[in-house]
Each structure stands twice: as structure tokens, then as C-alpha cells.
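Okay, so here's the structure we're looking at.
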Amino acid sequence: MTHQATQPWWKEGVIYQIYPRSFMDSTGDGIGDLEGIRQRLPHLVDLGVDAIWISPIFPSPMKDAGYDVADYCDIDPLFGSLEDFERLSAAVKDAGLKLLLDFVPSHSSDQHPWFLEARQSRDADKRDWYIWRDPLPDGSPPTNWISEFAGSTWTFHPETGQYYLHVFLPEQPALNWRNPELRAAMYDVMRFWFDRGVDGFRVDALENLMPNPDLGDNPPNPDWVESMGPARSHLPVNIKHQPEILAAGRDMRSVANEYDPERLLVGEIYGTTEQLMKYYGENHDAFQLPFNFLLIEAVWQAEPLAGMIRAYEAALPEGAWPNWVLGNHDRPRIASRIGAGRARLAAMLLLTLRGTPTMYQGDELGMENVPIPPEAVQDPWERNVPGQGLGRDPVRTPIAWETGPGAGFTTGTPWLPIDPRPEVAVETQQADPHSMLAFHKALLALRKREKALTLGDLTGVDATGEVLHYRRTHQGRTLAVALNLGETAAPCPGTGDCLISTHGTTTGDLAPGEGRVLAQ
């Protein structure tokens with residue numbers, strides 16, 4: 001067996017995030033569902049991605065778009081049934097794709113049977129499955145912690161005279177991962193889905209897994225400004241990145257290793273690069289892919305990008321596999337962040353850097369943030385802290401598959417407004433060989449053909465003026481990538497045959513916003 005054959009699929013694969021509410025509605029209720037995903041799988045096969053990750057589809061009161069889970073081992077009727085899931089899972093396999101689900105371990109819904117039982121009394125069997133503390137002597141919350149969605153992280157429960165902790169909404173009580181019975185129950189949840197053919201999990205809000213109220217108050221953030229939102233007014237040092245998380249991460253990996261091939265664990269972690277690297281585990285025994293969000297926060301200029309890429313690569317533990325993320329359901333769309341004219345450049349960067357890329361649905365179409373009128377707002381963040389631009393609805397709007405009413409997404413009224421511009425519709429772009437969709441297909445096909453772009457080494461990351469450039473090399477084959485982030489034309493560093501260009505030009509200077517991949 002060659003070394004090549006032993007590579008796990010995710011080292012060469014591209015992950016595509018599906019936000020199920022907005023992918024495809026098969027029932028006409030205006031909300032996407034599992035059957036809708038199954039019907040649109042040909043789009044993903046044609047696009048050339050390797051795996052789909054589906055955001056939460058579990059039973060939920062939907063206070064936070066399904067991240068408040070009321071049953072970890074079923075499907076919310078909004079999206080279908082377990083039978084629909086199994087039909088989708090089989091179709092995904094038949095299509096040659098991998099299937100990842102969201103795992104939400106840091107908190108449940110307050111409607112979960114575990115919490116309903118825990119709140120019965122201080123002596124309830126599952127009381128310690130959640131985090132409870134007595135009030136301070138004056139009756140106030142145990143700590144000064146502020147929730148992600150504003151307000152205290154503590155809600156008083158008068159019937160039992162204690163506060164319970166929630167890092168997010170009061171309807172999302174924090175699970176107590178220091179309780180071994182709770183941990184065992186959550187590992188059984190993982191097995192429930194692995195047994196149904198799921199290839200891995202994206203593990204939600206991992207840095208919040210082990211908040212420690214016994215450490216006391218959080219200190220004020222000296223750099224806080226109001227636009228950052230209330231949660232950032234204090235440094236969450238006693239909530240996030242507690243050292244015990246790694247033991248739980250190793251346990252999760254042990255569960256993933258019970259299966260052959262071992263299942264993939266992708267950790268959602270917001271933190272410094274130094275913090276991020278710890279989630280690989282000391283012996284690569286935790287998360288195979290702790291999500292790297294540096295491109296989401298990046299300054300889109302050549303020198304800062306080059307420095308950021310070099311620093312991330314240098315920080316990786318030996319043998320750790322990198323990954324890159326351009327956008328997701330929580331952050332403004334890349335085409336809105338850096339301008340529609342630069343979105344192709346960003347896609348070329350994502351898909352030619354070393355490591356596993358994750359795409360967000362609609363980015364292959366150049367979708368932009370869609371303005372949401374106040375009466376249509378769904379997101380609790382925007383409802384709790386209105387008018388500060390924290391709302392996530394603009395990035396969660398449905399895909400337009402066709403032009404016209406319902407945009408081929410629904411026969412009913414869509415749950416969020418759909419971008420009405422015909423040029424963002426799949427139907428329009430499929431007919432245009434120069435469309436964003438056509439560019440993504442060509443770029444993904446090039447990745448599949450060229451091992452240098454998947455398994456190759458990354459060298460020579462540098463900036464010349466506003467041109468970011470680097471090389472990918474595998475078994476004697478070298479490809480050079482050059483990306484002009486500037487506002488003026490610039491010489492193309494490196495020579496060779498142009499394999500793909502964002503602008504379709506293959507020789508001469510790079511136009512503003514142009515990128516090329518050259519075979520050297």
C-alpha cells in the first residue's frame with residue numbers, strides 16, 4: 001500500500017456547510033428540509049465538493065435556530081423525520097460524498113427532558129447534569145459573567161432557590177461536563193449518529209464546554225467599545241478555553257476511533273492561534289481539525305495575509321493538518337466583507353492554501369448579505385441587541401435556485417427574504433461559463449487533478465507590493481499561486497503555464513483583484 005492510499009479523506013476533501021433552513025424547501029412551508037437537501041445533491045456533486053456539514057436539525061424550540069437542542073437523537077419535524085435522515089444519508093453515500101452533522105455539547109434546550117428533570121429539585125437525579133449555584137448573600141448572580149446574547153449568564157430558578165448557568169440564551173442551559181454521567185450520555189449521542197452512517201461532527205462552541213464559576217468574576221475588557229456588543233465588555237477568561245476541555249476532546253476522539261474509518265471531529269473554536277493549537281491534543285489525540293477562522297477576521301492586504309498564513313503554519317504542532325474557513329452562518333458573507341469584485345480572489349486563496357477548506361453555502365454563487373426588514377428579523381442576537389449589526393439573518397437567507405417567485409427554493413413564503421437579483425440564481429449561473437459558479441467548479445476540479453493543491457507542501461509565502469504569492473509542491477510538481485489584492489495592475493510573480501485565472505486572462509500583468517495558478 002502506498003503512503004498516498006492511507007491518507008484520510010478529509011486531507012484532500014473540501015467541506016461544504018449546509019444551513020438547512022435555507023438550502024431547499026420540499027414541502028412549501030418556506031423552510032428548507034432534509035428532503036430538499038436530498039433533491040439538490042446533484043448541485044453539490046456537480047460543484048465538486050467532498051463532504052457536507054449540516055447545521056442543527058434536531059428537535060428544538062428554535063429559540064436559537066436549532067442550537068437549543070431538546071432531543072439529541074431525533075430530527076425536528078420542521079426538517080423531516082429520522083426516516084428522511086436515513087434516506088438522505090444513503091443518498092449522500094451514493095453520491096460519493098461524506099456527511100457531517102453539528103454536535104452541540106456545551107448546552108441543551110431548557111425543554112430537554114434532562115433539564116426538565118434537573119429543575120424539579122436540588123436532589124433531582126440530573127440536577128448535576130447542569131451548572132447550578134447559590135445566589136450571593138444579596139441575592140445577586142454568582143458571578144458577573146455576561147452571556148453571548150447580552151444580559152447575565154445566570155437565570156434564577158425560584159422553585160429551587162438557585163441560579164443556573166447559560167453562556168447563550170436563558171433557554172440554553174449549560175451542560176455540566178464535569179459530571180461523568182452527562183459525559184457518557186453525550187458520547188452515546190455521538191455513537192447514535194455514527195451508527196447511522198455519519199462521517200463526523202462539527203462540534204459547536206467548543207471553547208465554552210467547561211465554564212468554571214468557582215474561579216469567580218471575569219475582569220473588564222480594557223479595549224471594549226460598544227460596537228463589540230455587551231458580551232465583550234469583560235474578558236471571558238473563566239468561561240472559555242478551560243484546560244479540562246482537552247480531556248473531553250480526547251474522550252470524543254476515542255469515540256470517533258471506535259469506528260473504521262475513524263470519524264472526523266471539527267472543533268468550532270474562537271480564540272488565539274496559540275489557544276487553537278491546543279485542541280489538536282498533545283499527541284494528535286483530540287480534534288483532527290480545530291477550525292481556523294483567521295480568514296474571517298483577516299485584513300485583505302497582501303503583507304498582513306502573508307504574515308498571518310506564515311504564523312499559522314509555524315504554530316501548527318508537527319504533523320497537524322491545517323484548515324481554512326472563509327465564511328459561515330454566523331459571520332458576514334465574504335462578498336460583502338471584501339467586495340463582490342474580490343470574492344473570486346478569496347475563493348482562490350481558500351482552495352489553494354495547504355489544508356482542508358470549508359465553504360459556506362451560497363459562496364459559490366457570490367451571495368451577499370441580504371438586508372432584513374425589522375419585521376422579518378429571526379435572530380435572537382439582533383432582537384436582544386438591535387441596530388448594532390450583530391444580527392446573523394443577512395447571511396442565512398435562502399439560496400435562489402431559479403429566478404421568479406419562490407426562486408425555486410419554495411412554493412410558499414420563504415422564512416427569510418431571498419436575494420431577488422437574477423445573477424445570483426443557480427439557474428442563471430449554470431448557463432454562464434464566466435459565472436462565479438463556473439469559476440468554483442473549475443477551481444475545485446483543478447484541486448482534484450493536482451495533488452500539489454491538496455497534499456503538497458506550502459512554501460514561499462510572501463507579498464510583493466499588493467500581490468500575495470506562494471508555491472505548492474508535491475512529488476516534483478510545483479504550482480505557483482499569485483493573488484493581486486491591490487487596486488492597480490501588478491506584474492505576476494513567477495512564470496509558467498496558467499492553469500486558472502479569476503479573470504480568464506493567462507498572461508501579462510495581474511489585473512486588480514486577479515488571481516492565477518501557474519504550473520512551473
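Odds and ends about this structure:
- Between Thr495 and Glu297, the FRET efficiency from the beta-carbon distance, with R0 = 45 Å, is close to 0.85.
- The convex hull built on the alpha-carbon positions of region 79-118 has an orientation-averaged projected area of 4.0 nm².
- Accessible area per residue for region 1-147 is 37 Å², calculated with a 1.4 Å probe on protein heavy atoms, without ligands, DNA or RNA.
- Total charge dipole magnitude, region 257-362, about the Cα centre, Cβ charges on Lys, Arg, Asp, Glu only, Debye to nearest 20: 720
- Relative packing of 132-144, 408-420, which averages over residues the other C-beta atoms within 10 Å, highest first: 408-420, 132-144
- Protein accessible area in the chain, 1.4 Å probe - carbon and sulfur %: 52
- Between 0 and 90°, nearest 10: helix 82-94 axis offset from the chain longest Cα axis: 20
- Distance in nm between pseudo-label sites at Asp134 and Arg477 (7 Å out along the Cβ direction from Cα): 6.8
- Put a dot 7 Å past the Cα of Glu318, heading toward its Cβ, do the same for Gln7, and the two dots end up 2.2 nm apart.
- With Cα atoms, 0 to 90° folded angle of helix 343-352 axis to the chain main axis: 90
- For His157, nonlocal amide neighbours, meaning residues 5 or more places apart or on other chains whose placed amide H falls under 5 Å from its own, are Gln162, Tyr163, Tyr164.
- Computed over all pairs of different Cα atoms, the Kirkwood value for the hydrodynamic radius of region 30-93 is 12.5 Å.
- From largest to smallest, the equivalent ellipsoid semi-axes obtained for region 343-495 from the alpha-carbon gyration tensor read 36, 19, 15 Å.
- Extension reserve of the Arg421-Glu274 stretch, reckoned as 0.36 nm per residue once the Cα distance is removed: 48.7 nm
- Projecting the Cα atoms of Pro42, Asn238, Val377 onto the charge dipole of the chain, computed from C-beta unit charges around the Cα centre, puts Pro42 farthest toward the positive end.
- For region 46-188, the C-alpha radius of gyration sits at 1.24 times the compact-globule guess of 2.2 N^0.38 Å, with N the residue count.
- Cα convex hull of region 14-125 - mean projected area over all directions, nm²: 7.8
- Pairwise Lys count, the chain - Cα closer than 19 Å, eight or more residues apart or different chains: 9
- Around the Cα centre of the chain, unit charges on the Cβ atoms of Lys, Arg, Asp and Glu (plus for the first two, minus for the last two) sum to a dipole of about 1340 debye.
- Mean projection of the Cα convex hull over all viewing directions, computed for region 1-61: 5.7 nm².
- At R0 = 25 Å, FRET efficiency that the Cβ-Cβ distance of Glu181 and Val237 yields, to 0.05: 0.35
- ³J(HN,Hα), Karplus 6.51/-1.76/1.60, whole Hz, each residue of region 11-20, x for Gly, Pro: 6, 9, x, 10, 9, 10, 7, 9, 9, x
- Computed 3J(HN,Hα) for region 210-227, one whole-Hz value per residue from the Karplus formula 6.51 cos²θ - 1.76 cosθ + 1.60 where θ = phi - 60°, is 10, x, 10, x, 5, 7, x, 5, 8, x, x, 8, x, 9, 5, 10, 4, 5, glycine and proline marked x.
- Ellipticity estimate at 222 nm from DSSP helix runs (n ≥ 4, -39,500 (n - 2.57)) divided over the chain, nearest 500: -6500 deg cm²/dmol
- Simple spin-label estimate for Ser121 and Ala442 in nanometres, 7 Å along Cα-Cβ: 7.1
- Over region 413-462: Rg over Rh, Cα atoms, Kirkwood Rh: 1.21
- Cα long-axis angle, helix 180-194 against the chain (0 to 90 degrees, to the nearest 10): 40
- Distant-in-sequence amide contacts of Gln17, defined by a placed amide H-H separation under 5 Å and a gap of 5 or more residues or a different chain, comprise Trp53, Met359, Tyr360, Gln361.
- Once you divide the Cα radius of gyration of the chain by 2.2 N^0.38 Å, the number left is 0.98.
- Nonlocal amide H pairs with Gln288, under 5 Å, H built at 1.01 Å: Leu265
- For region 184-280, the fraction of alpha-carbon pairs lying more than 21 Å apart is 44 percent, rounded to a whole number.
- A 1.4 Å probe run over region 286-429, with the rest of the protein chains in place, finds 34 Å² accessible per residue.
- Karplus-derived 3J(HN,Hα) values for region 430-445, using 6.51 cos²θ - 1.76 cosθ + 1.60 with θ = phi - 60°, are 5, 8, 10, x, 9, 6, 4, 4, 4, 5, 4, 4, 5, 5, 5, 5 Hz; glycine and proline are entered as x.
- Net charge over other residues, Cβ less than 15 angstrom from the Cβ of Asp214 (K, R count +1; D, E count -1): -2
- Calculated FRET efficiency for the pair Thr507/Ala247, C-beta based, R₀ 60 Å, to 0.05: 0.60
The values are calculated or read from the model by the stated rules, or taken from the named source; none is laboratory data. Values in this document were obtained by computation on a predicted structure and should not be read as measured data. Cβ: placed from backbone, ideal geometry, glycine included. Neighbour counts: every protein chain shown. Note: accessible area is taken over every heavy atom of the protein model, side chains too, but ligands, DNA and RNA are not part of it. Shrake-Rupley method; radii C 1.70, N 1.55, O 1.52, S 1.80 Å.
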